[in-house]
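One structure is given below, encoded as structure tokens.
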Amino acid sequence: MLLVISLARYGGDVFTGFSARDAGTHITILDSLRVQTRAAISEEARRTRSLERGEMIDPNMADATELDRLPGVGPATASEIVSARAAGLVFRRPDDLLAVRGIGPATLERLVEHLAFEGALHNPSGRVRRRVSLPQLGAAPVDLNSADVAALERLPGVGPALAARILEERREGLFKGIEDLVRVHGIGTATVERLRGRVVARGIR
């Protein structure tokens, strides 16, 4: 479509006297239009390519076109992620994306399984930052009714904001089971399933 429009405009110029220029100039312009069209088609193909099973995208390194491939992220939100990154924001965990305009808990829940954070190992000045390791399989599960903020933050998909909300909800009443986590704003069934086996709810009689 872009090529057709460009050629139509070019043809109009030729009809109004632009054809008086030498043939070499015409060829150069047409070549430029072809290059621009190929670039636009290539970008659109990248933007609309579905994520493959297990494919991950790093919000610290991906360009806007790649970010647009994430579920729930359109061109505007992808640009917001890039702008936030340019302003100095480093994404170290999924919850950090809540600082980006256009991303809320529901969108974050759709994104989390497709996110990688290798780029967060380096801050903007190049200094290496320690990466918080996730609980290993077989490690003692985290007790939702006694864990502190630090322990909760080590859970996959749980950052400072979400950990604080878990503690706040716990003050209203202990969790009777992992399913009770849906009481916490920002946690849905997908997150509950991701945490299954990593958390328990003790202290309930």
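No value in this document is a laboratory result; all are computed from the given coordinates. Computed from a predicted model, the values in this text were never measured in an experiment. In this analysis, Cβ positions are derived from the backbone assuming ideal geometry, glycine residues included, and neighbour counts consider all displayed protein chains.
Of note:
- Annotation: amide H-H contacts under 5 Å for Val142 (H modelled 1.01 Å from N, sequence separation of 5 or more, or interchain): Val199, Val200.
- Rounded to the nearest 0.05, the FRET efficiency derived from the C-beta distance between Arg53 and Thr189 at R0 = 22 Å is 0.60.
- Amide H contacts under 5 Å for Leu115, placed H, 5+ residues apart: Ile57
- Listed values for the stretch 142-152 are Karplus-derived 3J(HN,Hα) couplings in whole Hz (6.51 cos²θ - 1.76 cosθ + 1.60, θ = phi - 60°), namely 7, 7, 4, 8, 9, 5, 8, 4, 4, 5, 5, and x replaces Gly and Pro.
- Relative to its residue count, the stretch 142-200 spans a Cα convex hull of 68 Å³ per residue.
- Phi angles of the stretch 157-174 translate, via the Karplus equation with coefficients 6.51, -1.76, 1.60 and θ = phi - 60°, into HN-Hα couplings of x, 10, x, x, 5, 5, 4, 5, 5, 5, 5, 5, 5, 5, 5, 6, x, 4 Hz per residue; Gly and Pro are given as x.
- Each 5 Å bin from zero up to the one holding the largest Cα-Cα distance in the stretch 51-131 carries the following percent of pairs: 3, 17, 28, 29, 15, 7, 1.
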